[in-house]
Amino acid sequence: TSRPVESLVPADLQGAHRGHRAAYAEAPVARPMGAGARLVALRKDGTTFPVEISLIPVATATGHFTLTVIRDVTEARRLADLVRAAVTAKHARLGQELLDSITSLCNVGLSLQAASDLPRDVAGQAIAEAFGQLDDTIREIGNNAFAACSQETHPAPRNDAG
């Protein structure tokens, strides 16, 4: 039994889909459908699932048709969402570490200020310790910045097998 393609489209999106189909019919070209959009298809039971759709115009002796390839991307979308959440959490952690390092710099400043009120021999030791802490904090900030940049330019390898 032949059914209209809108039977695969959720009811609230069917009107817009008809408009998109009409526009595509005006200038059909092979392309992914809804590039950048999160497309969904409708199951017989009324539930939706994420899909990628490719459109391919086909000219035959009897007319023009559009070959449509629909791919269920539930698992790929779930994995992408998990990776996105992990990266967001990692950036939040690096941001907190940077904030902690900056707070540590403020403590170095307070240590240096306090050292000015100490006797000269004790002040020298306090200043040396403050500069050591300053050096450690600068190194930590540099390491965190390098780690964040390295992760963005060299993402973890993907496992596409399966």
- Query: Bin by bin, in steps of 5 Å, what percent of the Cα pairs in segment 8-86 do you find, going until the bin that has the longest distance?
  - Reply: 3, 13, 19, 24, 17, 12, 8, 3, 1, 0, 0
- Task: Using R₀ = 25 Å, calculate the FRET efficiency as 1/(1 + (r/R₀)^6) where r is the Cβ-Cβ separation of residue 139 and residue 79; round to 0.05.
- Result: 0.10
- Query: How many angstrom lie between the C-alpha centres of segment 2-21 and segment 76-137?
  - Reply: 55
- Hey, in the GNM for the chain with a 10 angstrom Cα cutoff, which one of 91, 64, 17 fluctuates hardest? 64
- By how many nm would the segment from residue 92 to residue 122 grow when fully extended, if each residue of separation counts as 0.36 nm and the alpha-carbon distance is taken off? 6.9 nm
- Note on the structure: For residue 6, placing the label point 7 angstrom along Cα-to-beta-carbon and taking segment 35-55, residues whose amide nitrogen sits under 17 Å are 41-43
- Message: Suppose we keep just the DSSP beta bridges with both residues in the chain; what percent of those would be antiparallel, to 5?
- Response: 100
- Message: Using a 7 Å offset from the Cα along the Cα-to-Cβ direction at both residue 146 and residue 16, what is the distance between the two label points in nm, to one decimal?
- Response: 4.7
- Message: Between 0 and 90 degrees, rounded to the nearest ten: what's the tilt of helix 14-26 against the longest Cα principal axis of the chain?
- Response: 70
- Task: Quick one: pull the percent of accessible area on the chain belonging to carbon and sulfur, 1.4 Å probe, ligands and nucleic acids left out.
- Result: 61
- Relative to the chain, whose Cα atoms define the longest principal axis, helix 74-115 and its Cα axis are tilted in degrees, nearest 10, by 20
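The values are calculated or read from the model by the stated rules, or taken from the named source; none is laboratory data. Given the structure is predicted, the values throughout are model-derived calculations rather than measurements. Virtual Cβ from ideal backbone geometry, glycine too; neighbours counted across all protein chains shown. Side chains included, ligands, DNA and RNA excluded: accessible areas come from the protein's heavy atoms. Shrake-Rupley method; radii C 1.70, N 1.55, O 1.52, S 1.80 Å.
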